[in-house]
Amino acid sequence: MIGKGFHSNLLVETAKILFFISLRSLALFAQDAIIARVITEFQVSLRRDLFSRLLYRDTVFYYNVSCGNLLYSCTSAVERVSKLLYSLLHSFIPSFVQFCGVLVYMFFMSPPLTLSLIGTMPLMLTTYNLLERVLLNSTKRLQETAGALSSLLSDTFRNIRLIQSYGAQKYMLEYKLKNILTQLKSQSYQFEYSKAAIVPIITISYALSVLVLLLMSAYLVGRGSLSSTTLITFVSSIAFLIEPLQVIASNAVELRNGEVAWELIRGFLHARPQVADIGTDEPQNVKGHVEFRNVCFSYSMEKHVSNETDYVLSHIQFNVPAGNSVAIIGHSGSGKTTLLELLSRFYDPLRGSILIDGVDCRNMKLASLRKLIGFVPQDAPLISGTILENIALGEIHIDMNRVYYAAKAANAWDFISELEGGFSYDVGEGGCRLSGGQKQRIAIARAVYTDPRILVFDEATSSLDAESEAAIQSALQVIAKNRTVFIVAHRLSTIQSVDLIVVLEKGRIIEFGTPSELLKKNGKYAEMLKAQFSEASIVEGSFW
Ligand SMILES: Nc1ncnc2c1ncn2[C@@H]1O[C@H](COP(=O)(O)OP(=O)(O)OP(=O)(O)O)[C@@H](O)[C@H]1O
Ligand SMILES: [Mg+2]
């Protein structure tokens, strides 16, 4: 008969089991919650760190890396690294600790058997390492191809109108995408095969270890130096070694993926800048005297450029007194944009220096230098967002009076006031909801808003009709007063009133002087001017 005491004992035992199960579940929950918190914090701070480093990377860096790779590293690669951390914290480290703990326990039970088990491990580790190397290589290739796919996609969607208007969809699909997908397919097969081979190979090498172990234990039992009880306990402990080994093996893929992704991210985090922001000068009350002193430049900066014909700009030397306007003219590809970009320190000269009020630009803090310059680039880029955000770019506390002033000065106010929402109008990605001329006017307004000492216009009015251009020109004559102005314009009629003209040919200055001096000289400038006048493509009015 089962007594009352038995029932109460059973209840106590069941309650104990329930208590321990609950405690274990709670501990597991706490472990997962802590790990999830660590991973999320890590992911957020890595994304922030990566984005902030990329924001401050120099222009040269962006010429050498594809947009797709950057997108991939900021999104998927960060996730892979987070998964690596998760695997380490959640599975790999606990399994490794369990594996070592069981091994130590077994060693105390039977040192010779444990040593023979350890003796077979190099075989297991070597096969595992070999497989891991194959896995690592195929992971690398796979992630490179994933980056190329991201590049193709971002390029395609950004240029969708171009692709559609030239009917290039088939080419994109059947040539560009097909090539990448074919590569992706074969690399995926290789990756999946090596991934699938890991567990079987580990199992086979493990079985070999057990075989050696059995032979050894038979020998020890035969010699009488191992009791059958110890042998049974030892063999049962092996089961506790299998579990962590399997976990380690099944996490190998996550680890390799994470390692490759981390390498990519680390490269972006620690790339050495070509334009180092190590200057300390923060110039005040700048007048705006600009001097190019024997400046030479080539885009192939890492190579030693011995042949001067490789220079994009060669021995550029000229002075622009504060408050003067200078026009840079020359045929397409002669180096006009490059010269302006050197002034803003998007690159550094290979030789020579650029000075503002006698201070080498490299000695100034990059942010201070850029604050001095209002740059209107050739392609008038806009960021996604409102017109207001685009004019007061980077400002959190926007001065609306200055915004109105800048918009009116750039002849942009008329069209802005007609748009739905006015300054709140969403320009679309890259400004796709505006015309080329409207984008240019916003880019001009942006430069005016910053109230810089030096204004730089690179073909800033090339997309405007004659009337808008004339309106901007007269407004800019007022804005440009007491500022140093650099202007690139193909339409020479627009620059006849500048103080100075630099004529570039194949990266060299072939003429420099006032417009009247150059006209008298009857050289290249006079020739270009005559050619344009005879084409009768002249815009009424002039820039200055
Ligand atoms: N990022 C770059 N990498 C390599 N070469 C470049 C790069 N940008 C420009 N170049 C080359 O440098 C030379 C000068 O280019 P730049 O853009 O300064 O000419 P440009 O005078 O402004 O021409 P355009 O009137 O057509 O705007 C060209 O031969 C061009 O191919
Ligand atoms: Mg240019």
Report summary line: In nanometres, the difference between 0.36 nm per residue of separation and the alpha-carbon distance of Ala322 and Thr14 is 101.8 nm
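Kindly provide the GluC sites (Glu not before Pro) of the stretch 448-529 that DSSP labels as loop, not H, G, I, E or B, and whose Cβ sees at most 14 other Cβ atoms within 10 Å.
Working: sites: Glu459, Glu467, Glu469, Glu505, Glu511, Glu517, Glu527; in loops: Glu459.
Answer in residue order: no site qualifies.
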Query raised in the report: If ligands, DNA and RNA are left out, what is the accessible area of Leu153 with a 1.4 Å probe, given in Å² to the nearest 10?
Result: 70
Query raised in the report: What is the gain in length, in nm to one decimal, between Ala526 and Ser368 on full extension, counting 0.36 nm per residue of separation less the C-alpha to C-alpha distance?
Result: 53.1 nm
Query raised in the report: How big, in percent, is the set of alpha carbon pairs in the stretch 406-484 lying more than 21 Å apart?
Result: 24
Requested in this report: Using a cut-off of under 14 Å, list every residue of the stretch 74-110 whose amide N is near the label point 7 Å from the Cα of Ser227 along the Cα-to-beta-carbon line.
Outcome: 109-110
Query raised in the report: For all pairs of alpha-carbon atoms in the stretch 317-439, what percent lies in each bin of width 10 Å, listed from the first bin to the last filled one?
Result: 10, 34, 31, 22, 3, 0
Query raised in the report: Among the aspartates and glutamates, which have Cα under 19 Å from the Cα of Lys176 when same-chain residues fewer than 8 positions away are ignored?
Result: Glu144, Asp155
Query raised in the report: What lysines could a cross-link reach from Lys506, if we take a straight Cα to Cα line under 29 Å and drop same-chain neighbours fewer than 8 places away?
Result: Lys303, Lys336, Lys520, Lys521, Lys524, Lys530
**Report entry** Rounded accessible area of Tyr86 (nearest 10 Å², 1.4 Å probe)
**Finding:** 100
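In a shell of Cβ-Cβ distance under 15 Å around Gly436, excluding Gly436 itself, what net charge do Lys and Arg (+1) and Asp and Glu (-1) give?
Details: positive: Arg161, Arg433, Lys439, Arg441; negative: Asp379, Asp458, Glu459, Asp465, Glu469.
Net of charged neighbours comes to -1.
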**Report entry** Accessible-area order (highest first, 1.4 angstrom probe) of the listed residues Asp281, Asp465, Asp379
**Finding:** Asp379, Asp465, Asp281
Report summary line: Measure of exposure for Trp262: accessible area at 1.4 Å probe, Å² rounded to 10, is 90
Report task. Mind giving me the FRET efficiency for Thr75 and Thr514? R0 is 41 Å, r the Cβ-Cβ distance, nearest 0.05 is fine. Result -> 0.15
Report task. Give the Rg (one decimal place) followed by the Dmax (whole number) of the stretch 143-255, computed from C-alpha coordinates and expressed in Å. Result -> 26.9, 88
Query raised in the report: Which of the peptides 173-182, 368-377 is most tightly packed, and how do the rest follow, judged by the mean count of other Cβ atoms within 10 Å per residue?
Result: 368-377, 173-182
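Could you tally the net charge around Phe268, taking each other residue with its Cβ under 9 Å from the Cβ of Phe268, Lys/Arg +1 and Asp/Glu -1?
+3
Which order, highest average first, do 40-48, 336-344, 443-451 follow once you tally other Cβ atoms within 10 Å for each residue and take the mean per peptide? The partial results should precede the final answer.
Details: 40-48: 13.2, 336-344: 21.1, 443-451: 23.8.
Result, highest mean first: 443-451, 336-344, 40-48.
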Query - Fraction of accessible area attributable to carbon and sulfur, the chain (%, probe 1.4 Å) - result: 60
Query raised in the report: Is there a pair in Lys170/Lys439; Lys408/Lys481; Lys371/Lys481; Lys83/Lys185; Lys178/Lys439 whose C-alpha atoms are over 28 Å apart, and which pairs would that be?
Result: Lys170/Lys439; Lys178/Lys439
Query raised in the report: Fully extended, how many nm does the chain gain between Thr59 and Ala239 (0.36 nm per residue separation, minus their Cα-Cα distance)?
Result: 59.1 nm
Report summary line: Short to long, in 10 Å steps from zero, the percent of alpha-carbon pairs of the stretch 290-534 per bin is 7, 30, 34, 22, 6, 0
Query - Cα-Cα pairs of the chain separated by more than 38 Å (percent) - result: 52
Report task. Tabulate in residue order the Karplus-calculated ³J(HN,Hα) for the stretch 408-425, using 6.51 cos²θ - 1.76 cosθ + 1.60 with θ = phi - 60°, rounded to whole Hz; enter x for Gly and Pro. Result -> 5, 4, 8, 6, 9, 4, 4, 6, 5, 5, 8, 7, 5, x, x, 5, 8, 4
Query raised in the report: Sorted by accessible area (1.4 Å probe), largest first, how do Lys439, Lys16 line up?
Result: Lys16, Lys439
Query - Whole-angstrom gap from the stretch 189-227 to the stretch 257-287, using each part's C-alpha centre - result: 50
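The values are calculated or read from the model by the stated rules, or taken from the named source; none is laboratory data. Just so we're clear, the structure is a prediction, and the values are computed from it rather than from any experiment. Cβ sites come from the backbone with ideal geometry, for glycine too, and all protein chains shown count toward neighbours. For accessibility, only protein heavy atoms count, side chains too; no ligands or nucleic acids. Shrake-Rupley method; radii C 1.70, N 1.55, O 1.52, S 1.80 Å.
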